[in-house]
Each structure stands twice: as structure tokens, then as C-alpha cells.
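Undergrad: Here's a structure for you.
Nothing in this text is a laboratory measurement; each read-out follows from the coordinates by a stated rule. As the structure is a computational prediction, the values presented were derived from the model and not from experiment. In this analysis, Cβ positions are derived from the backbone assuming ideal geometry, glycine residues included, and neighbour counts consider all displayed protein chains.
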Ligand SMILES: C[S@@+](CC[C@H](N)C(=O)[O-])C[C@H]1O[C@@H](n2cnc3c(N)ncnc32)[C@H](O)[C@@H]1O
């Protein structure tokens, strides 16, 4: 594993490249750590996100899962009974998609290696788009949101699933304690990556909350 700086800049090409490197390096342990560190709650969060996208009105439509990682959000939609459409799943860290590839064999999901800041699709292309735990990693949030808007057909929905700090001060304290003290240690031991699981909570704390 190459040696990496201990913190990731907030924006710019350096952040872009470092985020790509981090996810490429933690890909083999990403799913395990996701389920473990969220106490398996990530599955129900994705379920709630897919509930919002309104696919039932376009059950044969074309949907985008940007920053797809190992495809869990795309699978949550693709496995819905009655879904007959297709899902294009993109990520710029190809090792994440390689890691998840066995989960999407013979399903409605097509993986496309691509950057969310320059999506390789024409305008007005999708009947819905979603991003799970991805937007806070973008090196240019506005550019990413503009791209997602560009590829959506008019009036169609973008669903963003993201972490936010709890508003209640006591819950927030417990949450931060877990995020700052427990998560980086467990993440380091299991992933073998020296600091990726410190970047992840830091990126949540830096990201604008729902009221910002
Ligand atoms: C925390 S993971 C989320 C993966 C998945 N959506 C999930 O629900 O588990 C964030 C993903 O965003 C991807 N990502 C970050 N910036 C990106 C960009 N500019 N273009 C494409 N993918 C990006 C990373 O490679 C990583 O796989």
C-alpha cells in the first residue's frame, strides 16, 4: 500500500485523487466494515432511500446509481419485486465495483466506471438518480449536483442518502464519541488501512447538515 497523507483536502484535484485512492484500497473490506460499523443499519437506510425515488411510476425506466461503490444501493432498487427497468451504476474507484461484481451477475445493473463530476451520459437520460453516502466525498459538490441534474429527465427525482450529525446534543455527543474513537480503530484493524477510517468520520463532520 502506498504511503498517503494523513488528511484529505476539502476540495480540488488532490481531494479527488485521494478519495479515489482510499476507496480503491479499502474495497476488499468495504462491505464488511459498512455492515459492522453501522450495526447493519446501512441496509435499512438504503431501503428508505429507494422508497423515495418513485420507481413505481417508471418500473421499466432507466435509473442511475452514482458513486455506487459495491452496488448495494443499486441492488436495493434492482431487487424490488415489480422492478423491470435497468440501473446504470457508476463509480470512479473501479476496485470497488470489481469487489461488488459477483453481487450483480445476471441482474438489471450495468456497471460503468466513471466520474460523477463528468458523468458519461447525455442530458435528460434517466428516470431517477440516487447517490448513497457518496456526495460528501465529491471534491466539487456543486459540480456533482449539476451533473446529476443534467442527466435526469425533467421533473424526475434525485435521492441523496448521506450522514448528518444528530441535532440532539446528547445523542450528538455519543455519536461523535463513537465516530471519533471507535470507528477509526475498528476500521484500521479490519481494513489494514492506516487512516482511511479517520477520513470517513471527518468527512461527515465537515459536510453541510440538512439545515445548512
Ligand atoms: C462511501 S462509498 C458509498 C458506496 C455505495 N453507494 C454505498 O451505498 O455503500 C462512496 C463511493 O463514492 C465514490 N466516489 C467518490 N467520489 C466520486 C467521483 N467523483 N466519481 C465517482 N465516484 C466517486 C467512491 O469511489 C466510493 O465508492
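Undergrad: In whole percent, what relative contact order does the chain give with Cα contacts below 8 Å and a gap of six or more residues?
TA: Result for the chain is 21 percent.
Undergrad: Shape verdict for the range 38-107, please, from the Cα gyration tensor: rounded (a/c under 1.5), prolate (a/b greater than b/c) or oblate.
TA: Oblate is the answer for the range 38-107, as a/c is 1.5 or above yet b/c matches or exceeds a/b.
Undergrad: Give me the distance between the Cα centres of the range 17-68 and the range 119-134, rounded to whole Å.
TA: A separation of 14 Å, based on Cα centres.
Undergrad: I want to verify a result. In a Gaussian network model of the chain, Cα cutoff 10 Å, which of these has the top mean-square fluctuation: 182, 112, 151?
TA: It is 182.
Undergrad: Same structure again: Relative contact order for the range 41-161: what percent, with Cα pairs under 8 Å and sequence separation of 6 or more?
TA: 29
Undergrad: For the chain, what is the per residue volume of the convex hull drawn over the alpha-carbon atoms, in cubic angstrom?
TA: Spread over its residues, the Cα hull of the chain gives 123 Å³ apiece.
Undergrad: Using all Cα-Cα distances in the range 41-161, what percent lands in each 10 angstrom bin from 0 up to the longest?
TA: Pair shares across the bins are 15, 51, 32, 2.
Undergrad: Moving on to the next point. Taking only Cα atoms and a 10 Å spring cutoff, compute GNM fluctuations for the chain and point out the largest among 177, 138, 37.
TA: Maximum among the listed residues: 177.
Undergrad: Another question about this same structure. I need the calculated FRET efficiency for the pair residue 168 and residue 44, taking r as the beta carbon distance and R₀ as 22 Å, to the nearest 0.05.
TA: Calculated value: 0.65.
Undergrad: Among the DSSP beta bridges whose two residues both lie in the range 41-161, what percent are antiparallel, rounded to the nearest 5?
TA: 0
Undergrad: Determine, from the Cβ-Cβ distance of residue 211 and residue 145 and an R0 of 25 Å, the FRET efficiency 1/(1 + (r/R0)^6), rounded to the nearest 0.05.
TA: Once rounded, the FRET efficiency stands at 0.90.
Undergrad: Give the distance, in whole Å, between the Cα centre of the range 163-179 and the Cα centre of the range 72-98.
TA: Here the answer is 30 Å between Cα centres.
Undergrad: Ok, one more. Given a Förster distance of 30 Å, report the FRET efficiency between residue 14 and residue 106 from their Cβ-Cβ distance, rounded to the nearest 0.05.
TA: Calculated transfer efficiency: 0.15.
Undergrad: Points 7 angstrom from Cα along the Cβ direction at residue 113 and residue 56: gap in nanometres?
TA: My value for the distance between the label points is 3.9 nm.
Undergrad: If you don't mind, there's one more thing I want to ask. Connecting C-alpha atoms closer than 10 Å in a GNM of the chain, tell me which of 125, 168, 40 has the biggest fluctuation.
TA: Sorting by GNM fluctuation, first place goes to 168.
Undergrad: Still on this model: From the helices alone, meaning DSSP H stretches of at least four residues, give me the mean residue ellipticity at 222 nm for the chain, per-run term -39500 (n - 2.57), in deg cm²/dmol to the nearest 500.
TA: Taking each H run of at least 4 residues, the total per residue is -13000 deg cm²/dmol.
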